[in-house]
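The next block holds one structure in the form of C-alpha cells; read it before the comments.
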Protein chains: 2
Amino acid sequence: AIAAATVEALNAGPKPLAGKKLLLTAGPTREALDPVRFMSNHSSGKMGFALAEQAVALGAEVTLVSGPVSLATPAGVTRIDVESAEQMLEAVLAALPGQDIFIGCAAVADYRPLAVADNKIKKSNERMVVELVRNPDILATVAQQQPRPFTVGFAAETDNVEQYARDKLARKGLDLIAANDVSKPDQGFNANHNALTLYWADGHKSLGHSDKGQQARLMLDTIADHLACQ
Amino acid sequence: AIAAATVEALNAGPKPLAGKKLLLTAGPTREALDPVRFMSNHSSGKMGFALAEQAVALGAEVTLVSGPVSLATPAGVTRIDVESAEQMLEAVLAALPGQDIFIGCAAVADYRPLAVADNKIKKSNERMVVELVRNPDILATVAQQQPRPFTVGFAAETDNVEQYARDKLARKGLDLIAANDVSKPDQGFNANHNALTLYWADGHKSLGHSDKGQQARLMLDTIADHLACQ
C-alpha cells in the first residue's frame, strides 16, 4: 500500500518534463579481450535506472541504453541493451534525433583491447601485456551534434572531484555535470545512496546525501529549470 | 508441488557423499586495475552453485568459496565471498584442512594487473598498455598439498577441448577434470545447461546435455564412485 501510494504521489506530482524526450545511458560497458575475458568497471546502473524511473514520473518520454546490469526496466521506459562502448555509441546515435535531453550516466570504459582474440587466449608466460586503445567518447560526440539535446554528464572521481568535474564540463562542452566522490563509502557505484554536486558554467548545486531515487529527482528538477530558462 | 516433490526425492535419495567434506570454488574473480576498473570473465557461477546444492543433497558437508555472482546461497552450504584470485587462494587454503574433495569450478583470472592504482587512472593517451602478471594457480596449489583431497578441475575451452583438458589433468596433477566447450551455444558460462565430459587418468565419461543441476548430480556420482574405489 505504501509503494502504491508513493507511485500515485509521483504520478500525481508536477510534470516539468511533460512533452520532453530524454535519452540516457546507464551501467558499465564490457570490453572483450577474447570470448571469455573482458574489462569492465563497478557501475551497478542504479543511478541511471533511478533517473529513468523518475524522469517518467516527471512526464518525460524515456529511452535507456544500458550496459550489462542486474536491474529491472522501470515501467514506461524503452530499454536498449548493449555490451561494449562502440555498441553503446551506435545505439545512442540511432536514438538521438528529436531528443531534448541526453544524460550520459553509463560508466563507459575509456579503453578497449586493441585486438580481440577469436579463441580463448592460452596462458603461457609469467607476464603478459595488453594493448588498449581509446574508446569513442559518447558524451563528447553527443555534445558536438548540431542540433543537440541539453547534454548532461557524470564525473565519478576518487580525488580532486570539483576540479576534474569542471574540467570535464568545459572540455566536452556539456550543459551540466553531476559529480560524485566514489572514494567515499555509501555513495557511487554499488551504493544505494549518492551525494551528487551539479556544476554548470556559472553555478553549482549540492544535492545533499540521499537515496539514488531522491538524487535523481533533484537532478531532473534542476535540468527542467535549465531547460525552462533556455 | 513439483519443486517440493523434487526436493523431497533428492533428500530421500542415496547419500553417497555422507560424511564427506567438499570444498569448492565458483564464479569469476575480479582483478582490480584501480578502484573502479577491473578485469573479469563471463562465469555466472551457476555450475558451482549447482554442484554445491547437489552435494548437500548427496550428504556432503559443503563449503563454497565464491567470486562476485548474483546467486542465492543453496540451503545448508557455508559460503565465503571473495573478489580476486589471491583472496580466493587464501580462503581455499584456510578451509582446506580435513576436506575430502576439492572442486575448482571458479573461472579464476589467469592474470592480474601488475600494479593496482590507488586512485582512478586518468585517461590521457590514445593507447595504453596494461602489464599483467600470472595469478596463483589455486587448483595446482591444492593438488600439491600433502595430504590432499580428491582434486577436481574444470576446463572451459573454445577449441581442442579434449586435448587441452587431458593436458591440464596431467600437468596440474588432478584426479579428475570436467571439460566443456564454451564456444557452443546453450552450454558453459551463462547458460542454464551444460554438456560436460569427465576425464581421468585411465577413463572418461560423457554426461550428455542437460541442465546444470543434472550435470552436477552426475558429476558428483562419478566423484563418489572414484572415492569409493580409492
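Derivation of every value follows stated rules applied to the coordinates shown; laboratory data play no part. Quantities reported herein were computed from a predicted structural model and do not represent experimental measurements. For neighbour counting, all protein chains shown are included, and Cβ atoms are generated from backbone atoms with ideal geometry for every residue, glycine included.
Screening A:I80 with (1) touching a Gly at 6+ places or on another chain (Cβ under 9 Å); (2) more than 14 Å from every other protein chain (Cβ to nearest Cβ); (3) of a type outside the set (D, E, K, R); (4) part of a strand (DSSP E or B) gives one miss only, at (1). When segment A:193-220 is limited to residues that are under 17 Å from the mean Cα position of the chain (by Cα) and charged (D, E, K, R), the one that is surrounded by the fewest Cβ atoms within 10 Å (Cβ to Cβ) turns out to be A:D211.
Only a single criterion out of (1) within 14 Å of chain B (Cβ to nearest Cβ); (2) part of a loop (DSSP other than H, G, I, E, B); (3) in contact with a Pro (Cβ under 8 Å, 6 or more places away or on another chain) is not satisfied by A:S40, namely (2). With respect to the conditions (1) more than 29 Å from B:M39 (Cβ to Cβ); (2) touching a residue at least 40 places away in the same chain (Cβ under 8 Å), B:Q215 lacks only one, and its number is (1). Each residue in segment B:19-32 was checked for being crowded, with 20+ Cβ neighbours inside 10 Å and part of a loop (DSSP other than H, G, I, E, B), and 4 pass.
Screening A:A72 with (1) surrounded by fewer than 16 Cβ atoms within 10 Å (Cβ to Cβ); (2) more than 14 Å from every other protein chain (Cβ to nearest Cβ) gives one miss only, at (2).
For segment B:143-159, the set of residues classified as touching a helix residue (DSSP H, G or I) at 6+ places or on another chain (Cβ under 7 Å) and facing chain A (nearest Cβ under 10 Å) consists of B:E157 only.
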